[in-house]
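This report concerns only the one structure given below.
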Amino acid sequence: NLTDRLVDTFKNLRGKGKLSPADVDGTVREIRRALLDADVSLDVVKDFTSKVRERALGDEVSKALNPAQQVVQIVNDELVAILGGEARRIQFSKNPPTVIMLAGLQGAGKTTLAGKLAKWLAKENHTPLLVAADLQRPNAVTQLKVVGEQAGVPVFAPEPGNVGAEDAAPSRGFFGGTVGNPVKVAKDAMKFARDKQYDVVIVDTAGRLGVDQELMKQAADIRKAIDPDEVFFVIDAMIGQDAVATAKAFQEGVDFTAVVLTKLDGDARGGAALSVASVTGRPIIFASTGEGLDDFEPFYPDRMASRILDLGDILTLIEQAQGAFDEEEARKTAEKFATDSFTLDDFLKQMQQLKNMGSIKNMLGMLPGAKGMRQQLENFDESEITRTEAIIQSMTMQERRQPKVLNGSRRVRIARGSGTTVTEVNALVNRFEQAAKMMKTVAKGGVPQVPGMGPI
Ligand code: GDP
Ligand code: MG
């Protein structure tokens, strides 16, 4: 798998004082494959790897203390740069309302995002208004109303018989517009928002299943009519190789100020992010990570770079691990993780080895996606290793190999034998099971959670 491949390449580079062009080519080849596997478009990959190759053969690497590490650093830096460097923020207008228009294909997640943005902005003490300018699908307006209600934000929508409903409760009111013409609805909504002093207007628009001239024209017309401060191009991270063509079409047809990547809770490694950012030169501003209104975060380029490389700080982790125990041992452990034959005995051995390599907390904190694990580890300090040793040493060989046999009476016996409590024995067994499960996922090259995404 990919992580293994990169780790292997990295190992080959380790210990070399100087990198030859052949060394660099080998690494670049693996990076190229990693990016293609992550669905980055071929042109972008070519561009990217040639830049990396050039830098890798240059002075900064040949003069570095550890050239291999330097190459990996360059790869990471270049990824982050393409993804926009710093996290981008919404640019609010000096003359409210700030107008944010959403554009993208049908199913990309625009309407859901409208709700997420509205809820988030309301929490930040803004007074957002949602505008239903998607009149394409029969259900689109209703869907936005539902989302608005969940977010506690009013929706301006074309409603026959509900025109000019000024006296509707502002927290959940549906205000009138003009049925049938999205441009007119958007314009009416602007006037309404100014009159009622909403400070942010979020305009949901129609999408089609594929890129389509009529759709582009409609979105462009809406844009022209309301002159938004921000146009967010919303794109599904799962779209893969189609990302480039879609993004280009929207850039030409409507143009946008930033990109929102949705469905990052899925399997997509996020290559679409790199392709879109690289091809359009527009920053990615938010990441959507689920169907719920709170599943939404600012986009962090550095974390996304780790996700695309499927690497996290795993290289650092492996390097540290190699300093403490030999490669053969490390490989065996990784194999055990992957094949589920990791036992409490191995756990004990590992912990003893870990004593000479700094805090366990830091080490596990480096694993990609180990966020939940890290929290777990907050109350896991090294002085516990001694007690852990005592507990495991009080177990029979069978118990160490198959912790499943540890019933109540066995746990009492072990607690007594080790001078600890049953609670401590339970805690250890739970921790072991969790560690084994997580390490297994990581060893297989998977990502236990959405890495790279923190809370807002
Ligand atoms: P629109 O056509 O662009 O307005 O897309 P919708 O907002 O209607 O979303 C299409 C589908 O994708 C709906 O079923 C949403 O619940 C779902 N969806 C939207 N954003 C996300 C996300 O970040 N993760 C997941 N898993 N589903 C999402
Ligand atoms: Mg929609």
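Within region 215-238, can you find the residues that are within 16 Å of ligand 2 (Cβ to nearest atom) and either part of a strand (DSSP E or B) or under 23 Å from the mean Cα position of the chain (by Cα) (or both)? Once the filter is applied, which keeps residues that are within 16 Å of ligand 2 (Cβ to nearest atom) and either part of a strand (DSSP E or B) or under 23 Å from the mean Cα position of the chain (by Cα) (or both), region 215-238 yields 231, 232, 233, 234, 235, 236.
Residue-by-condition table, conditions (1) farther than 19 Å from residue 117 by Cα; (2) at pLDDT 85 or above; (3) within 16 Å of ligand 1 (Cβ to nearest atom):
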site	(1), (2), (3)
138	yes, no, yes
166	yes, no, no
179	yes, no, no
189	no, yes, no
205	no, yes, yes
212	yes, no, yes
219	yes, yes, yes
222	yes, yes, yes
225	yes, yes, no
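Which one of 233, 296, 256 is under 18 Å from residue 116 (Cα atoms), modelled with pLDDT of 95 or more and within 16 Å of ligand 1 (Cβ to nearest atom)?
Details: 296 fails: modelled with pLDDT of 95 or more; 256 fails: under 18 Å from residue 116 (Cα atoms).
Exactly one residue qualifies, and that residue is 233.
Hey, any hits in region 106-125 for a residue that's of a type outside the set (Val, Ile, Thr), assigned to a loop (DSSP other than H, G, I, E, B) and more than 16 Å from ligand 1 (Cβ to nearest atom)?
Taking every residue of region 106-125 in turn, at least one turns out to be of a type outside the set (Val, Ile, Thr), assigned to a loop (DSSP other than H, G, I, E, B) and more than 16 Å from ligand 1 (Cβ to nearest atom).
Step by step: first the residues of region 143-155, then only those that are more than 19 Å from residue 207 (Cα to Cα) and surrounded by fewer than 21 Cβ atoms within 10 Å (Cβ to Cβ), then the one that is farthest from ligand 2 (Cβ to nearest atom). Which residue is that? The qualifying residue farthest from ligand 2 (Cβ to nearest atom) is 152. Selection within region 77-103: residues that are crowded, with 18+ Cβ neighbours inside 10 Å and of a type in the set (Gly, Ala, Ser). The member of this set that is farthest from ligand 2 (Cβ to nearest atom) is 84. Is region 74-89 home to any residue that is over 21 Å from the mean Cα position of the chain (by Cα) and of a type in the set (S, T, N, Q)? Checked against the condition, which is being over 21 Å from the mean Cα position of the chain (by Cα) and of a type in the set (S, T, N, Q), region 74-89 yields no hits at all.
Kindly indicate whether residue 278 is within 18 Å of residue 90 (Cα to Cα) and either within 13 Å of ligand 1 (Cβ to nearest atom) or of a type in the set (S, T, N, Q) (or both).
Values: within 18 Å of residue 90 (Cα to Cα): no; either within 13 Å of ligand 1 (Cβ to nearest atom) or of a type in the set (S, T, N, Q) (or both): yes.
No, not satisfied.
Restricted to region 380-400, and to residues there that are part of a helix (DSSP H, G or I) and within 15 Å of residue 431 (Cα to Cα), the residue that is modelled with the lowest pLDDT is 384. In this structure, residue 60 does not qualify as more than 16 Å from ligand 1 (Cβ to nearest atom), in contact with a Lys or Arg (Cβ under 8 Å, 6 or more places away or on another chain) and modelled with pLDDT under 90. Against the test of being more than 16 Å from ligand 2 (Cβ to nearest atom), closer than 20 Å to residue 73 by Cα, surrounded by 19 or more Cβ atoms within 10 Å (Cβ to Cβ) and modelled with pLDDT of 65 or more, the options 285, 314, 308, 318 yield a single qualifying residue, 308. Taking each residue of region 261-274 that is farther than 20 Å from residue 291 by Cβ and in contact (Cβ under 8 Å) with a residue 40 or more places away in the chain and looking for partners that are among the small types (Gly, Ala, Ser) and more than 6 Å from ligand 1 (Cβ to nearest atom) with beta-carbon atoms closer than 6 Å, six or more apart or interchain, yields 269/38; 271/38. Taking region 179-214 as the range and being within 16 Å of ligand 2 (Cβ to nearest atom), under 16 Å from residue 246 (Cβ atoms) and outside any loop (DSSP other than H, G, I, E, B) as the test, only 205 passes. Candidates are the residues of region 104-142 that are among the basic types (Lys, Arg) and within 9 Å of ligand 2 (Cβ to nearest atom); the one that is farthest from residue 233 (Cα to Cα) is 137.
Within region 383-405, the set of residues being surrounded by fewer than 17 Cβ atoms within 10 Å (Cβ to Cβ) and among the aliphatic types (A, V, I, L, M) comprises 385, 390, 397, 405.
The values are calculated or read from the model by the stated rules, or taken from the named source; none is laboratory data. The model shown is predicted, which means the values in this text are computed figures rather than measured ones. Here the Cβ is made from the backbone with ideal geometry for all residues, glycine too, and neighbour counts use every protein chain on show.
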